[in-house]
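Each remark here refers to the structure printed beneath this line.
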Amino acid sequence: MYKYDQYDQAMVDTRVEEFRDQVKRRLEGKISEDQFKPLRLMNGLYLQLHAYMLRVAIPYGTLNSAQMHALADIADKYDRGYGHFTTRQNIQYNWIKLEEAPDLLADLAKVEMHAIQTSGNCIRNISSDQYAGATADEIIDPRPYAELLRQWSSFHPEFSFLPRKFKICVIASDTDRAAMKLHDIGIQIVKNDAGEIGARFYVGGGMGRTPMIAPMIRDFVPLDQLVTYSEACLRVYNRYGRRDNKYKARIKILVHELGAEEYTRQVEEEFAHLLDQGVEPPLAELERIKTFFPNPPYDKDASDEIDRSDPDFAVWVDRNTAPHKQAGYAIANISLKPIGGIPGDASTAQMHLMAELAKDYSFDECRVTHAQNIVLPDVKKSDLYTLWQKLDEAGLGTPNLDQIDDIIACPGLDYCSLANARSIPLAQRISERYANNGKSDVLGELKLKISGCINACGHHHAGHIGILGVDRKGVENYQLLLGGSEGADTSLGKITGRGFDEDGVIDAIEKVTDLYLDQKEDGERFLDTYRRIGMEPFKEAIYE
Amino acid sequence: MKILTGNDLKSGAVTWWTGYDWSIHVEDAVDVGDQADSILAKEEAARRVNAPYAIDATRDEDGNVRPAHIKDRVRALGPTVRPDLTLKPADPDHRDWVI
Ligand code: SF4
C-alpha cells in the first residue's frame, strides 16, 4: 500500500491547520457563510439534513487496518457510532460538529487520510477495481497508476476550479467491476499486440441527470504519457466545458455536444502540444510508486482445498468469494447488506472487527467497493471458515453478493438535503420481502440500485433494476428502470412508465422478477432475459 | 403558519425559531407571519443559526406543529431508518408522523 512521504504528510498537516484557522474565523464571525462554504467544501464538509456531513477520501478504496480502526474511532469520538460507505469507495459521517471538524481531520491525518477534494468542482477521489492486485483476470495491478493520478490530481492548480466535479477510474481487467465507463474519464490498463502496457481512455461517461456511457477516445496511450494524456483531456474540458449552466457542465455534455470525434481531435492537438512541455513525471516515479504495491508474502504451499461440510459456509463461499491469482487464496467479500439493514452502514464495532480481520487474514489490507461492501483481497482458503464464523457472529456474513438483496442505496431523504425521496427504507423492505418469499436464492445475479434523486449517487441508471425517487407534489414517488448494467457490457436502464408509491414499487419489482423466473432460459441472468425479451412483457406484467 | 428553521452554526443541529431563541424541538416553533426575512437576516448575522429559511407548517388543535414538507419533518425528528437516533427514540409513531 502507498505510504505518505514527507511531502504528502506536510501537505495534509498544513491543510488541517489552515482549516482550523478558517473554522475559528467563521465561529468568531470574521468570515460569512458565503465565504466559508467553499472552504469547508474543499475539506469535504457538507451541511446536510441533520448536521454537518464529512466525506473522507479512501484512495481507490484501499485501507490498512490502522486506517479502518481510525475510521471506527472517529465514528465513536465525533459521530454516533457508525459510518456510511459510499458508491465512491469513500466513507461519510452524518453527525459532525463544525467546532470538532479540525480535530477530526487531525486524527485522520495521523493515519495518512484526509477529506480533501471530496467535494467541489475538482478531480475527486480516484476509484479502481476492488480486486486489484489479487484477481487472476487483470493484466497488471492498476493501483500504482491510480496512485500516480492521485498525486498528479491532488492540489493540481489548473484543475481546482473545473466547470464541475470530475471523477476518474482506473482498472486493468476486461471484467469491469468499477463502473469504469460511467466516469468522466475511465482508464483501462491494457496490453497491445507488441506486449507493451498502456492505457485505453474512455471519456465523457457519467450518471446523474443525463446518463452517458463514455466513448473510447484512444485505445493505447503509452505509460510514459499517461499523465500528459489525462492533462490534455482535462484541459480541453476546462477550456470549453459549460460553465454557464450547472446542469450541462459535466464533461459528458461537452463530449456529447462536440461529438466524440471532435473532442478527441482537440485532445490530440492539446496532447501534441503538451508532449514537449515536461508535464509527465519521470517513469522512475511510477517505478517508485510500484514498490509500494508488491505481492504480499503468499504462502506458496497454502492448500487449495476448502472444507465445505458446513452448508451455510458453503453458500457464503459460493456467493461471496472470488478466484484469486495465487493458488490457495481467495478474495472474500464482506456484505454490508444484512437483510433489513442499511446498505453501506457499519457500526464502530463492525469496523474494528473488519480491521482486525484484515490484519489477521488479509495481509493488513481491505478495500471498499462501489457497491458499498468491503473486500478482504488476500485470504488463505484454509482461513475462510474461521473468517466467515467471525463475520457471521457480527452480522457481516450475509451471503448475498450481487444478489437482489445486495442493494446499492444512496442516503436519500433520510440524510441528504438534495433528496426527493427516501432510498434506505425501500432497500430494507425489498431485502426483507425477498428473504421472506425465498426468491432471492433462485434469482441469481440481479443488481438493484436506488437513488433518492436524479443525481444518481445510488447508480440507478446502471441497475439491472433501478429505482429513482422523485417528488410528486410533495409526496415520495418512485420510478422504476430496467436493463441497466455497469460492467464490461455497460448499458443504461430504461424507465418502465408511470411511477409508484413505496408499496407499489416493491410490488412492481416482484412482478418483474416473477416474469423473469417464468421466462428465463438455461443459464440466463435477469439481464440476459431482459435483453432477449425486451421491455414490453415486463411493462405488461407491471401495469396490467 | 410560517416557521423558521436552520442549523446551529457550531453543532449543525437542526433548530427552530421560538420567537426569541432557537430550539431543537419543532413543537417550540412560532408563527412569524410576514417577519421571516428580517428575523433571518438578524439571526444569521448574529451567527446563532446557519443557512436558515422559512417554511410552511400547520398547527393542530393540540398545538403540535407539523412542517408542510416531508424533508422538514425528517429534519425535525431525525432519520426514519434510525429511530434510536431521532429526538423521540421511544415513540413508535415517529415514522408515521414524518410520512
Ligand atoms: S442521489 Fe440524490 S438523494 Fe441520493 S445521495 Fe445523491 S444527491 Fe442525495
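The table below lists the values:
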| quantity | calculated |
| --- | --- |
| Rounded, prolate or oblate (a/c below 1.5 giving rounded, otherwise prolate when a/b exceeds b/c) for chain B by Cα gyration tensor | oblate |
| Built amide H within the under 5 Å cut-off of A:LEU446, gap 5+ | A:GLN403, A:ILE404 |
| Partner chain coverage, peptide A:408-418 - average Cβ within 10 angstrom | 3 |
| Helical mean residue ellipticity (222 nm; -39500 (n - 2.57) per DSSP H run of 4+; nearest 500) of chain A | -11500 deg cm²/dmol |
| Spatial separation of Cα centroids for region B:1-76 and region A:378-407, in angstrom | 46 Å |
| Taking A:CYS416, A:CYS122 and counting other C-beta atoms within 10 Å, the order from fewest to most | A:CYS122, A:CYS416 |
| Computed over region A:138-261: relative contact order in percent, which uses C-alpha pairs under 8 Å that are six or more apart | 22 percent |
| Derived scalar couplings ³J(HN,Hα) [region A:153-159; Karplus, 6.51 cos²θ - 1.76 cosθ + 1.60; whole Hz; x for Gly, Pro] | 8, 6, 6, 5, x, 6, 10 |
| Cα gyration tensor category, rounded, prolate or oblate, for the protein assembly as shown with a/c compared to 1.5 | rounded |
| Karplus 3J(HN,Hα) series, Hz, for region A:442-453 with 6.51 cos²θ - 1.76 cosθ + 1.60 (x for Gly, Pro) | 8, 6, x, 5, 7, 9, 10, 9, 10, 10, x, 6 |
| Dipole magnitude of chain A, debye to nearest 20 (Cβ charges: Lys/Arg +1, Asp/Glu -1, about Cα centre) | 1980 debye |
| Rounded Å value of the spacing that divides the Cα centres of region A:307-328 and region A:228-254 | 45 Å |
| Fewest-first ranking of A:ASP79, A:ASP392, A:ASP5, using other Cβ atoms within 10 Å as the exposure measure | A:ASP5, A:ASP392, A:ASP79 |
| A:CYS410, A:CYS233, A:CYS453 arranged by Cβ crowding within 10 Å, fewest neighbours leading | A:CYS453, A:CYS233, A:CYS410 |
| Cα gyration tensor shape of region A:333-438, rounded if a/c is under 1.5, else prolate or oblate by comparing a/b with b/c | prolate |
| Cα centroid of region A:140-194 to Cα centroid of region A:478-497, whole Å | 24 Å |
| Rel. contact order, % - alpha carbon contacts under 8 angstrom, at least six apart, chain A | 13 percent |
| Cβ neighbours within 10 Å from other chains - mean over A:46-53 | 5 |
| Under-5 Å amide H pairs with A:VAL470, H placed in peptide plane, nonlocal only | A:ASN477, A:TYR478, A:GLN479 |
| Lone cysteines, the protein assembly as shown (no partner Cβ under 4.7 Å) | A:CYS122, A:CYS169, A:CYS233, A:CYS366, A:CYS416, A:CYS453 |
| Residues with amide H under 5 Å from that of A:VAL203, placed H, sequence gap 5 or more | A:GLY186, A:ILE217 |
| Integer Hz, Karplus 6.51/-1.76/1.60 couplings in order for region A:71-83, x for Gly and Pro | 4, 5, 4, 5, 4, 6, 7, 10, 10, 10, x, 7, x |
| Gain on full stretching of the segment that runs from A:VAL475 to A:ALA260 - 0.36 nm per residue minus C-alpha separation | 73.4 nm |
| For region A:412-544, alpha-carbon Rg and Dmax in angstrom | 14.1, 45 |
| Region B:2-94, relative contact order in percent, only Cα pairs under 8 angstrom and at least six apart counted | 25 percent |
| Spin-label pair A:ASP301/B:ASP84, simplified geometry with 7 Å Cα→Cβ offset, distance in nm | 4.6 nm |
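We did not get these values from a lab; they are worked out from the coordinates using the rules stated. Since we're looking at a predicted model, the values are computed, not measured. Positions of Cβ are backbone-derived with ideal geometry, glycine not excepted, and every protein chain shown enters the neighbour counts.
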